[in-house]
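Undergrad: I'd like to ask some things about the structure below.
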């Protein structure tokens, strides 16, 4: 019975990863906490990282024509720095502290979007200095606690990108971040060859879910899409704060 429960949880986590890579707001962030119900968070992160990367390949193909070049030019080097800092401080920075800070920032930003009276804010330009800061924080928190989405969204949501461009830009950026995390994760012992068979099996539902996610993004109205992004950011941020406190 325990094996059945594990496969159900692992399969659902893989589907969430795939749908997230297909552009559905923030659902991929649920995968590691979900797997942590059954195995340790470190093991869950190492097990799911190859699935993230395979799903990234399909996501990159799906959104190969929809992305913001300026945002990527600013954030790619910044996330590289953030991942490097995460690797360098992996044994020094408490994961709970980083998780709590990320959750607090994300919750404050989402509440601001939901509570302000203006129906629509004027889109901001993609400025370099804020992009470097939020990009570095995205890379760092993605490495330390797999919570890169809140700082990424704090920077990108005010830019006024179309939903396909928003989804494509995030897919490309996090595909890059996941790829460069392979070496430090291996060096820190978070990847295991013994889990390769399980990973290969879970890649199947994850890959199929990517295209289901792409289809869902196309069907959702633009306003509803960004409302879902905002609410998902709020819910997950509150969960991160609770997780850090607990």
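Only the coordinates and a few stated rules stand behind these numbers; no lab work does. Note that the structure is a prediction, hence the values are computed from the model and not measured. Heads up, the Cβs are rebuilt from the backbone with ideal geometry, glycines too, and the neighbour counts pull from every protein chain shown.
Undergrad: Just to verify a number: FRET efficiency for residue 114 and residue 216, C-beta to C-beta distance, R0 = 25 Å, to 0.05?
TA: Result of the calculation: an efficiency of 0.65.
Undergrad: Along each principal axis of its Cα atoms, how long is the chain end to end? Whole angstroms, biggest number first, please.
TA: 51, 41, 32
Undergrad: Would you mind checking the tilt of helix 222-245 against the longest principal axis of the Cα atoms of the chain, expressed as 0 to 90 degrees and rounded to 10?
TA: In the chain, helix 222-245 runs at an angle near 50 degrees to the longest axis.
Undergrad: Between Rg and the Kirkwood Rh of segment 89-193, both from Cα atoms, what is the Rg to Rh ratio?
TA: 1.02
Undergrad: Expressed as an acute angle from 0 to 90° and rounded to the nearest 10, what is the orientation of the C-alpha long axis of helix 128-145 relative to the principal long axis of the chain?
TA: With rounding to tens, the tilt is 20 degrees.
Undergrad: Set the Förster distance to 30 Å, then compute FRET efficiency between residue 73 and residue 38 from the Cβ-Cβ distance, nearest 0.05.
TA: 0.15
Undergrad: Now a separate question. How big is the Rg/Rh ratio for segment 197-246, C-alpha atoms only, Rh by Kirkwood, two decimals?
TA: Rg divided by Rh gives 1.15.
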